[in-house]
Structure formats: C-alpha cells, structure tokens
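The next block holds one structure in the form of structure tokens; read it before the comments.
Here, each number is a calculation from the coordinates, and none is a lab measurement. Only a predicted model underlies this, so the values are computations on that prediction, with no experimental measurement involved. Virtual Cβ from ideal backbone geometry, glycine too; neighbours counted across all protein chains shown.
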Amino acid sequence: MTSSMVAAATRLAAAAATTTRKRFFARTLTPGRMADRFDQHAVRHRMKLLRDDGGVTLYENREGVRCPACGEAFSRLLLTERRAHSFDLDGTGRVCVTHEDDRLVVCRHDA
C-alpha cells in the first residue's frame, strides 16, 4: 500500500469516523457512555501481542474483537503514533482505518 493510498484511507476514515465510532462504541460499551478511542487494554486478553516498539503496536485477534470502523471482527490490529506509515499488504481482504487524535488504528480483515 502506497503512502497516497494510506492518506486516502485516512481521509475516508476521518469523514466516517464520527458516525462509525459512535455506532461501534455504543454497541460495545455501557449504554450512555461514549469512548473517544479504541481501548486495546480493555480487550487485550482477547488478542495476542505480536510486536510493540513504542510507536507501533501489532496484535493478532484471537477472539473476535470488533473493528472500530466497520464493527466486524478483524484478524490483525495495528496501532501507530507515527505521522506516516507504509503497509506491505499481500493479498489481504480489506483494511479499515480509524484516525484518532494521536494515532491511527488499522484493522486488517482477511478475505
């Protein structure tokens, strides 16, 4: 995935983020309480940590944790605080991107 594709995905995610996040967090959290970011610590017991170098964290979804963008279970979760990030995707199904104030949440859905 080129940096221009990531930028386009980020813009698309930002445009839909408000509505999508409200729906996702309304379904997964206590009614009436809205979260403004994906809380990986709340679900990390359901995921396997594959890598954490301080600025980038990669998890494998083990128990159907839902994507903050589309609400479906994802296979891998990448959290990055980097301003720019390139992705090497080989034949994956779909990638969802959620832009938060200080990071990108990238979920990979296998085909």
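Zone of ASP110 (label point 7 Å along Cα→Cβ, backbone N under 17 Å): which residues in the stretch 62-78?
62-67, 72-78
List the residues whose amide H sits under 5 Å from the amide H of ALA73, counting only those 5 or more places along or on another chain, with H placed 1.01 Å from N in the peptide plane.
Those qualifying (amide H under 5 Å, at least 5 residues apart or on another chain) are CYS67.
For ARG83 and GLU63, what is the calculated FRET efficiency with R₀ set at 30 Å and r taken between the beta-carbons, to the nearest 0.05? List each step's numbers first, then the result.
Working: r = 32 Å, r/R0 = 1.05.
For ARG83 and GLU63, the calculated efficiency is 0.45.
Highest mean first, how do 74-80, 37-43 rank when packing is the count of other Cβ atoms within 10 Å averaged over residues? Write out the running numbers ahead of the final one.
Details: 74-80: 19.7, 37-43: 14.7.
Taking the mean over residues of other Cβ atoms within 10 Å, the ranking is 74-80, 37-43.
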